[in-house]
Amino acid sequence: MFAATLDTTIEYLKGVGPKRAELLQKELRIFTYDDLLNYFPFRYIDRTRFYKINELDTDLPYVQILGRITGKEQIGEKHKKRIVARLTDETGSIELVWFQSLKWVDENVSRGKVYIVFGKPTAFNGSFSISHPELESYPRPATITGNLRLQPVYNSTEKLKKFFLDSKGIQKLQTLVIEQLLPEVRESMPAYILDKYQMVTKKEALLSIHFPRDVKALKGAERRLKFEELFFIQLQLLHNKQIREWKFKGHQFNAVGEAVNTFYKEILPFELTGAQKRVVKEIRMDTQRGIQMNRLVQGDVGSGKTVVALMSMLLAIDNGYQACMMAPTEILARQHYESITSLLDGRLAKVAILTGSTTKKQRTKLHEELEAGEIDILVGTHALIEDKVVFKNLALVVIDEQHRFGVEQRAKLWRKNAVPPHILVMTATPIPRTLAMTLYGDLDVSVIDELPVGRKPIETRHLYEGQRLRMFGFMKNEIAKGRQVYVVYPLIKESEKLDLLHLEAGVEQMSYQFPRPDYQISIVHGKMSNADKQFEMQRFIEGKSQIMVATTVIEVGVNVPNASIMIIENAERFGLSQLHQLRGRVGRGAEQSYCILMSGNKLSADGRLRLDTMVKTNNGFEISEIDLQLRGPGDITGTQQSGVLELKLADLATDQLILQEARNTVINILEGDPKLELPENSLLKTYLNKRSIGIAFDKIS
Ligand code: ADP
Ligand code: MG
């Protein structure tokens, strides 16, 4: 017989074979024994509790009963054939029913014997039965699966279940692999780290995650495996960062010259906040090092990220370079272009814009000017990344609303120059710390945690449908004072049609409440052409309409300082960060601003928590943390495509401490042994060299 190793394909495991192997690969991406071993249960069932038959209740999920088989018969014909057995304890009896595997049941379930029966009870005509229960002989044998107090539950799929690879089936395979190959499992973490954090070995962790002796063993295994998972992500990220710093020289911005000074002293219409000053300084220090900068600027809506970006671009110009700024949508790019040109007041830099709607003629001219170095700052959309766009000497790229751009796009911008430009990434709204550390763990982070002084906090209220007339009354009052109002409807892809209906009904209601010619309403939604959208936006921006009814297309970046009221319809259907972003559209002018959250009367617990949170706080950092707790990292805007977040065990909402520990550990290791040359770190070096993503050590000169 051949000897399997952990790398052997799963097909050769007893009871698998080609068909199931194919399914395991397709459905669960399990190719080898090792993959299976690293396929962990997603929960455990407590098997310490035994129920008496007279305690059964249909509300119980799974129960465990100890009883004797007191009857067994096969009834029905053909496909209705089934085996019905009676299980009896001292308090009563129930039926056990099997429709499949009849031969096995016939041979293995014996009248008179005592079993531990496990399954979900259902009630019929006042008596209970369990279909397809699991049976274990009693007392339990002393194997790894025997005496299991916590029974693992594995995710399976319909297809796999058809081939008996339900949770129990997968557990059987795990048993085989563990019995055969657990001794072969190699340690993946250096011993001194295990010692330091008092973590169990890899072998022990794998055994206990699949077959926990008790809760303590399970916790120990989870902690070790979560640590490992986060540790290696951080190792990869920080290693990549280090390699980048070794490999790529950066443009050196030595001088603070005329552009920055004039802007700061003569043009800037306000005093920078302390946080803005600090971040500008961080960027200045970073761009003097001669190393390429990769920095994330986090700041709440309205914290003034644009000025920080602009000053960084002026710094590039002062040093003889060009800069560009990329936004995810045309509307946003245009807004940036306008705020930058108006901030600069026609002085200090030549600014241009490039988007999908730039005409061919304009483009040709623009390309020329760009290559000749006549344009200092180029603002635009994805169009900037195209190969045709060539700069004379691009030294700084600002990416706004990063989460909409992939890592690949970031990399593409890099390659625009022999010496890659500095990269400044700005998030639209704050993201939780753990998420930032994981998604952007290879970047340096600056935080603008202060709003400009004198800004009046937005007042947020939650109104129920029954209070709608109050809302209309409030709108009328504010409009009479000269203010403008946004009314936003949710747009959820699956039911776009329904959403549009809501919007149309809303518009109708608005037109009735706010008739022409006294009132003008603008409407913007995703199904309109860009030109129409632009036209309607423009009417609102110019104050020709007082009300803007929109779907979430206005979510990002729109800046109309006179609009001081944000009404969000069906607010319970929005996620927290989205609500916060929408609210950030108001509160940009001198007037007191309001956000009104309209909802139905019935709210889920989560829905209520979201709305309460919005009413309670304006702090985006706080909101993002609650959002993460509620939804988990996969659902936070824009993180979906990120492979980094396909974590097996660790949970960024609850494992902050482990993540921080793992990251600190990596930082310490790389500080003490940057090239991982010490023998005790050889495992880590091997790990990195095996990965194709990073840049291997041997390529470093
Ligand atoms: P965000 O961080 O959301 O991108 P912006 O950069 O658009 O914020 O800034 C929001 C508004 O605040 C803009 O009108 C901007 O001119 C203004 N602003 C920025 N910094 C300050 C400051 N230090 N003092 C006063 N107003 C500021
Ligand atoms: Mg912004």
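Based on what the data block shows, is residue 65 in a strand (DSSP E or B), within 30 Å of residue 216 (Cα to Cα), among the aliphatic types (A, V, I, L, M) and modelled with pLDDT of 85 or more? Answer is yes for this residue. Is there a residue being touching a residue at least 60 places away in the same chain (Cβ under 8 Å) and polar (S, T, N, Q) anywhere in the stretch 457-476? For the stretch 457-476, residues touching a residue at least 60 places away in the same chain (Cβ under 8 Å) and polar (S, T, N, Q): present. For the stretch 318-327, a tally of residues being in a loop (DSSP other than H, G, I, E, B) and within 11 Å of ligand 2 (Cβ to nearest atom) returns 1. Mind listing just one residue for me: the one in the stretch 447-462 that is in contact with a helix residue (DSSP H, G or I) (Cβ under 6 Å, 6 or more places away or on another chain) and part of a strand (DSSP E or B) and, of those, farthest from ligand 2 (Cβ to nearest atom)? So the residue we want is 462.
The number of residues in the stretch 288-317 being assigned to a loop (DSSP other than H, G, I, E, B) and either over 30 Å from the mean Cα position of the chain (by Cα) or within 16 Å of ligand 2 (Cβ to nearest atom) (or both) comes to 8.
Residues checked against (1) within 16 Å of ligand 1 (Cβ to nearest atom); (2) crowded, with 16+ Cβ neighbours inside 10 Å; (3) within 17 Å of the chain's Cα centre (by Cα); (4) not assigned by TED's automatic domain parsing to the domain that holds residue 279:
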{"residue": "424", "(1), (2), (3), (4)": "yes, yes, no, no"}
{"residue": "430", "(1), (2), (3), (4)": "yes, yes, yes, no"}
{"residue": "433", "(1), (2), (3), (4)": "no, yes, yes, no"}
{"residue": "444", "(1), (2), (3), (4)": "no, no, no, no"}
{"residue": "453", "(1), (2), (3), (4)": "yes, no, no, yes"}
{"residue": "467", "(1), (2), (3), (4)": "no, no, no, yes"}
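For the stretch 93-109, the count of residues that are touching a residue at least 40 places away in the same chain (Cβ under 8 Å), surrounded by 11 or more Cβ atoms within 10 Å (Cβ to Cβ), more than 25 Å from residue 150 (Cβ to Cβ) and touching a helix residue (DSSP H, G or I) at 6+ places or on another chain (Cβ under 7 Å) is nonzero. Note on the stretch 219-273: among residues that are surrounded by fewer than 21 Cβ atoms within 10 Å (Cβ to Cβ) and in contact with a Pro (Cβ under 8 Å, 6 or more places away or on another chain), the one that is nearest to residue 46 (Cα to Cα) is 242. Could you check, for the stretch 213-227, whether at least one of its residues is under 18 Å from residue 441 (Cβ atoms) and either outside the structural domain of residue 421 (by TED's automatic domain parsing) or more than 16 Å from ligand 2 (Cβ to nearest atom) (or both)? There is at least one residue in the stretch 213-227 that is under 18 Å from residue 441 (Cβ atoms) and either outside the structural domain of residue 421 (by TED's automatic domain parsing) or more than 16 Å from ligand 2 (Cβ to nearest atom) (or both).
Within the stretch 487-513, residues that are farther than 18 Å from residue 577 by Cα sit with their Cβ atoms under 7 Å from residues that are modelled with pLDDT of 90 or more and part of a helix (DSSP H, G or I), at 6+ positions apart or across chains, in these pairs: 513/472. Hey, among the residues in the stretch 455-465 that are of a type in the set (Lys, Arg) and either within 12 Å of residue 619 (Cα to Cα) or within 16 Å of ligand 1 (Cβ to nearest atom) (or both), which one's surrounded by the fewest Cβ atoms within 10 Å (Cβ to Cβ)? Among them, the one singled out is 456. The residues listed here are 332, 384, 343, 378; of these, the one that is within 37 Å of the chain's Cα centre (by Cα), away from ligand 2 (no atom under 16 Å from the Cβ) and touching a residue at least 60 places away in the same chain (Cβ under 8 Å) is 384.
For every residue, the table says whether it meets (1) modelled with pLDDT of 90 or more; (2) within 16 Å of ligand 2 (Cβ to nearest atom); (3) not in a strand (DSSP E or B).
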position: 511; (1), (2), (3): yes, no, yes
position: 517; (1), (2), (3): no, no, yes
position: 527; (1), (2), (3): no, no, yes
position: 536; (1), (2), (3): no, no, yes
position: 540; (1), (2), (3): yes, no, yes
position: 549; (1), (2), (3): yes, no, no
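Taking the stretch 438-472 as the range and being touching a Gly at 6+ places or on another chain (Cβ under 8 Å) and aliphatic (A, V, I, L, M) as the test, the residues that pass are 447, 448, 451, 458. Any idea which residue in the stretch 582-627 is modelled with the lowest pLDDT, counting only those that are within 23 Å of residue 482 (Cβ to Cβ) and hydrophobic (A, V, I, L, M, F, W, C)? Top of the filtered list is 590.
Looking at the structure I just gave you, is residue 352 part of a loop (DSSP other than H, G, I, E, B) and more than 14 Å from ligand 1 (Cβ to nearest atom)? When the stated conditions are applied, residue 352 does not pass them. Among the conditions (1) farther than 30 Å from residue 106 by Cβ; (2) in a helix (DSSP H, G or I), the only one that residue 24 does not satisfy is (1).
The values are calculated or read from the model by the stated rules, or taken from the named source; none is laboratory data. These numbers come from a predicted model, not from an experiment. Note: ideal-geometry Cβ built from the backbone for every residue, glycine included; neighbour counts use all protein chains shown.
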